[in-house]
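One structure is given here, and the rest of the page talks about it.
The values are calculated or read from the model by the stated rules, or taken from the named source; none is laboratory data. The structure displayed is predicted, hence computed values, not measured ones. Glycine gets a Cβ as well: all are built from the backbone with ideal geometry, and neighbour counts include every protein chain shown. To get the accessible areas, we keep the full protein, side chains included, count just its heavy atoms, and leave off ligands, DNA and RNA. Shrake-Rupley method; radii C 1.70, N 1.55, O 1.52, S 1.80 Å.
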Amino acid sequence: MERKVMVRPLKEEDIPAAAESVFEGFGKLHEIYYGRREDFPSLEAALGVVQSCHASSHNFPIVAECEGKVIGFNNICYVDGVGGVGPIGVHPSSQGGVGRALMQAVLDHAKERGTKTVRLMQEAHNRTSYSLYIKLGFEEKDQMAFVEGIPTKRFAPESDQYTVRRMKSEDVENCGRFTQRLIGVNRETEIADTLHPLWIECFGHPNVAVSASGDVVGYLTCSIHIVGHGLAASDEIAAALVWAMTRDEEMPNGPMPRVGHVKIVGRLNPKLLYWALHSGMRLNRVMTLMSTAGDYTYPPSPAALLPGADL
């Protein structure tokens, strides 16, 4: 008898079961490909991500339910006409069409909202998800290197042209103007979410780079997990943001390991990727940037974009 799977919005009481679906779903795949749990090394880590999705008004988190039990989770974050999907997780005991149903549900929701495009990051080794996303209308747009570790040397000597420090609430508007100028999209609302105590507890405090004249020249919302994004006026400033965040001794001791994670589109910023791999970091995996319509908007050279799912 065919089982009946229902997809519906996430409720607060669903959060523990949804987190378990993410933890076990990612865990099984990553143990096969990497021999260890990568993005969600603990159930607490998955719980933090699901809670963050539930806490933000820009997100539409959903669950898949079968016979009264939550067996899957997905989320779409809306920012300035773009929807970013993820994380999507299906409990290993409930595979078979659940992932497709969760993806179709967020695509339908995005269409109802009139969203211009939906984007995601796909793990290049996963042939099953790649095939599914193509069938659902996504197109491959670029390849991204996901590197991890603690850099042991700077990209360049410390500069007096800018200062890297923890982001404050009064920086958010200027960060939004910075993204608008470089990539034509204002990320102010999303950046503001990363100052929420729950985000900081899970992923650390976002950093900002400010020029000697007081202008924002870069920011990084997270460098210890695949979530978040960054934008900088140059490779040097992007590297300085990573350097500072991975050395933040006051970073809360949350559920994520304190290991630096950086996402780099190597064809656009080869020097930044070269620095990362020659400073003690290592390639963790290759990700595919995918979109349902239109290309990703990259900043003009020499700026550096450290992409998120929807950037």
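Points worth noting:
- Reach of K141 by Cα under 17 Å, taken over lysines that are not fewer than 8 positions away in the same chain: K116, K263
- Projected label distance in nm at R127 and R3, using a 7 Å step from Cα toward the beta-carbon: 2.5
- Cα shape, the range 64-202, gyration tensor, a/c 1.5 rule: prolate
- All lysines inside 29 Å of K4 as judged from Cα atoms, apart from same-chain residues fewer than 8 positions distant: K28, K69, K111, K135
- Relative contact order for the chain, counting Cα pairs under 8 Å that sit 6 or more residues apart, in percent: 21
- Cα→Cβ-extended label distance, 7 Å offset, between K141 and Q95, nm: 2.9
- As a fraction of the 1.4 Å probe accessible area of the chain, surface on carbon and sulfur atoms comes out at 51 percent.
- Two-decimal log10 I(q)/I(0) for the chain, as the Debye equation yields it once each C-alpha is a single scatterer, q = 0.07 Å⁻¹: -0.25
- Considered as an equivalent ellipsoid built on the Cα gyration tensor, the range 10-78 has semi-axes of 21, 14, 10 Å, the largest given first.
- Cα gyration tensor shape for the range 135-182, rounded if a/c is under 1.5, else prolate or oblate: oblate
- Residue-count net charge about F155 - beta-carbon cut-off 15 Å; Lys, Arg +1, Asp, Glu -1: +1
- Solvent-accessible surface of protein heavy atoms, probed at 1.4 angstrom with all chains present, puts Y296, Y274 in the order Y274, Y296, largest first.
- Contour minus Cα-Cα distance for K69 and D108 (0.36 nm per residue): 11.7 nm
- Over the range 38-137, volume per residue of the alpha carbon convex hull, in Å³: 118
- Theoretical FRET efficiency, 1/(1+(r/R0)^6), r = Cβ-Cβ of H196 and T297, R0 30 Å, to 0.05: 0.70
- Excluding same-chain neighbours fewer than eight residues apart, the aspartates and glutamates reachable from K168 by a Cα-Cα span under 19 Å are E188, E190, D193, E201, D215, D248, E249, E250.
- Estimated FRET transfer efficiency when R0 is 25 angstrom, pair D80-E13 (beta carbons, to 0.05): 0.20
- Annotation: per residue accessible area for the chain equals 44 Å², rounded to a whole number [probe 1.4 Å, protein chains only].
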